[in-house]
Every structure is written in C-alpha cells, then in structure tokens.
1. Only one residue in Ala19, Ala45 is at pLDDT below 85 and within 11 Å of the chain's Cα centre (by Cα). Which one?
2. Looking at the stretch 3-20, can you tell me whether even one residue there is of a type outside the set (A, V, I, L, M, F, W, C), out of contact with any strand residue (DSSP E or B) (no Cβ under 9 Å at 6 or more places or on another chain) and touching a residue at least 12 places away in the same chain (Cβ under 8 Å)?
Amino acid sequence: MTDEIPRGLPAPPALGAAALPPGTYAGQVVLVTGGGTGLGKAIAAEFARLGADLVIASRRAEQLKA
C-alpha cells in the first residue's frame, strides 16, 4: 500500500489548517450535546469559531458554568 493520494481527490489541507473558513455557520444555531467537557466542548468551540450561535447541553450544570 502506498501513501499516494488517489487521483481525482483534492489534496488535504496543511496540518493545522482549517477545513472551513471562519463565518461558515454565521446565522445558524447549532445544538451541541455533551458540550460541557472534552470532545463536545471542543466541537462547540469550533462551531463558535465558524460563527454559529450555540445551544450547549450537558448532564451536569456545573460543567456548563465553567
């Protein structure tokens, strides 16, 4: 198996580059469940960077306060 990119597919973005430009979700509301910690929190931060308005749900209210 080789590390070549199959023909017809675009090259992936550079390491650390964003796949979507800022403002992609401007004016959209995104619901993130489990958004108080871990992966959910990171996903919420990324949607915020992309301009989304967020509704964040968590089982523990103290996690959301932080």
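1. Working: Ala45 fails: at pLDDT below 85.
It is Ala19.
2. Checking the stretch 3-20: not a single residue is of a type outside the set (A, V, I, L, M, F, W, C), out of contact with any strand residue (DSSP E or B) (no Cβ under 9 Å at 6 or more places or on another chain) and touching a residue at least 12 places away in the same chain (Cβ under 8 Å).
The values are calculated or read from the model by the stated rules, or taken from the named source; none is laboratory data. Quick caveat: nothing in here was measured; it's all calculated off a predicted structure. Ideal geometry is used to build each Cβ from the backbone, glycine not excepted, and the neighbour counts take in all protein chains shown.
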